[in-house]
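All remarks here apply to the structure that follows.
The values are calculated or read from the model by the stated rules, or taken from the named source; none is laboratory data. Because the structure is a prediction, the values reported are computed rather than measured. Because the Cβ atoms are built from the backbone with ideal geometry, glycine has one as well, and the counts that use them run over all protein chains shown.
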Amino acid sequence: MMTNCLALMGNMSWLGWLMPLAVLSLLGLGIAALLKYLFISSSSTPGHGADS
């Protein structure tokens, strides 16, 4: 299966290499943003921070 995938990516020139990298980087950024949102929102309490 890996051989077929690499052969297909080779036939698509640069687009075959760009799209998997773009999807993986967007997925990683999405997971990082979700984790940041979950940990920042759960640890912050009202009355503490720059606004108070």
Self-check item: Asn11, sole failed condition from (1) surrounded by 10 or more Cβ atoms within 10 Å (Cβ to Cβ); (2) at pLDDT 80 or above
Solution: (1)
Practice problem: Determine whether region 38-49 contains at least one residue that is modelled with pLDDT of 80 or more, out of contact with any Lys or Arg (no Cβ under 7 Å at 6 or more places or on another chain) and either of a type in the set (Ser, Thr, Tyr) or surrounded by 10 or more Cβ atoms within 10 Å (Cβ to Cβ) (or both). | Solution: yes
